[in-house]
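K.L.:
Please read through the structure below; I'll follow up with questions.
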Amino acid sequence: MAESERATRRRGDELLPEQSILSLEEYLAMQRSIGNETRFRVLNALVEVGSQSASELRDRLEIESNVLHYHLDELVDVGLVENRKRKESDSNGLYSYYRATSLGEGILERGVRELMRREWETLEEYSA
């Protein structure tokens, strides 16, 4: 195997289609991001409930504002969450809210949630 082929294999490019939208590094960054419990809980809340402001998320998850914003920024940076701005404030005076992207929903639903669902199914199967 030529050196250039080995370098390509080390990067993992063979795992993705040639015209892949994201690089392997970007996919792995997403996976690492939700490997953190707080970020997983934030993304899960956004998928379960839908768009929320930072203050709604803070109250729902009982997380300090500065900690929440740190984790929200990470989720936005890797493309799992987006921060949307309203042109006019809502009834609470909020202009900004967060929502899970389709990638965020997909990685959650086909990743950790799927593993959790399988564990429940296995428990039910063997405890019957």
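K.L.:
Full extension from Leu24 to Arg60: what is 0.36 nm times the residue separation minus their Cα-Cα distance, to one decimal in nm?
P.N.:
9.7 nm
K.L.:
With a cut-off of at most 10 other beta carbons within 10 Å, and DSSP calling the residue loop, which GluC sites (Glu not before Pro) in the range 19-114 qualify? Please list them. Show your work: numbers first, answer last.
P.N.:
On the way: sites: Glu25, Glu26, Glu37, Glu48, Glu56, Glu62, Glu64, Glu74, Glu82, Glu88, Glu105, Glu109, Glu114; in loops: Glu62, Glu64, Glu88.
For GluC sites (Glu not before Pro) across the range 19-114 that sit outside H, G, I, E and B with at most 10 neighbouring Cβ atoms in 10 Å, the list reads Glu62, Glu64, Glu88.
K.L.:
Right, next: Just subtract the alpha-carbon distance of Ser127 and Leu115 from 0.36 nm times their residue separation and send over the number in nm, one decimal.
P.N.:
2.5 nm
K.L.:
Expressed as a whole percentage, what fraction of the accessible surface of the range 17-69 belongs to carbon and sulfur atoms when a 1.4 Å probe is rolled over the protein heavy atoms?
P.N.:
46 percent
K.L.:
Also: Sequence-distant or interchain residues sharing an amide H contact under 5 Å with Leu16, placed H: which?
P.N.:
Close amide H contacts, sequence-distant or interchain: none at all.
The values are calculated or read from the model by the stated rules, or taken from the named source; none is laboratory data. Quick caveat, the model's predicted, so the values are computed rather than measured. As a convention, Cβ positions derive from the backbone with ideal geometry for all residues, glycine included, and neighbour counts pool all protein chains shown. Side chains included, ligands, DNA and RNA excluded: accessible areas come from the protein's heavy atoms. Shrake-Rupley method; radii C 1.70, N 1.55, O 1.52, S 1.80 Å.
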